[in-house]
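Heads up: the structure comes next, in structure tokens.
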Amino acid sequence: MMVSEEEKVSVRRFVKGQLRDEPDLSTLTLGILKKRYLAHAGCESLSSEARKFMKQVVEEELAKMQKNDDSGSEPETKKPQKKRKREKEELESEDETESTAKKTRSRQSGSSSGRI
């Protein structure tokens, strides 16, 4: 049984959307994509040809995404270093806030014990 053109278009459109909208591609498997597609299409199963076609589409789309990343044509991608730097700055500011709070508490307890 061959995969119809209509089903090919549907599978390709679905896979593209899933890959585009998934924030962490490492959690996306062919099995997950298949289950999501079945729910999306309202089917109970996929033919072996349709599964093979879906796998082919995933491979093609991931190759395109990788090619786009390598060429730097996607301005949306951010370098992880900037995020790490921002996280480090946030941690440092939290440490400063914490030490300020400890100083305030120790002053309060010291000054209150002197009043008793």
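Just to check your reading of the model, which residue among Ser93, Ser73, Ser45, Ser99 is at pLDDT 85 or above and either part of a loop (DSSP other than H, G, I, E, B) or not β-branched (Val, Ile, Thr) (or both)?
Matching residue, one of Ser93, Ser73, Ser45, Ser99: Ser45.
Starting from the stretch 24-45, take each residue that is within 17 Å of Ser10 (Cβ to Cβ) and list its partners that are modelled with pLDDT under 95 and surrounded by fewer than 12 Cβ atoms within 10 Å (Cβ to Cβ), counting only C-beta distances under 8 angstrom and pairs at least six apart or across chains.
Every condition considered, the pairs that remain are Leu38/Glu44; Leu38/Ser45.
Do we have any residue at all in the stretch 15-33 that's part of a helix (DSSP H, G or I) and over 18 Å from the mean Cα position of the chain (by Cα)?
Within the stretch 15-33, not a single residue is part of a helix (DSSP H, G or I) and over 18 Å from the mean Cα position of the chain (by Cα).
Report yes if some residue within the stretch 35-44 is within 21 Å of the chain's Cα centre (by Cα), within 26 Å of Asn68 (Cα to Cα) and in the same structural domain as Asp69 (by TED's automatic domain parsing); otherwise report no.
Yes; the residues of the stretch 35-44 include at least one that is within 21 Å of the chain's Cα centre (by Cα), within 26 Å of Asn68 (Cα to Cα) and in the same structural domain as Asp69 (by TED's automatic domain parsing).
Only residues that are of a type outside the set (Gly, Ala, Ser) and in a helix (DSSP H, G or I): list them for the stretch 1-14, please.
Within the stretch 1-14, Glu5, Glu6, Glu7, Lys8, Val9, Val11, Arg12, Arg13, Phe14 meet the criteria.
The values are calculated or read from the model by the stated rules, or taken from the named source; none is laboratory data. Note that the structure is a prediction, hence the values are computed from the model and not measured. In this analysis, Cβ positions are derived from the backbone assuming ideal geometry, glycine residues included, and neighbour counts consider all displayed protein chains.
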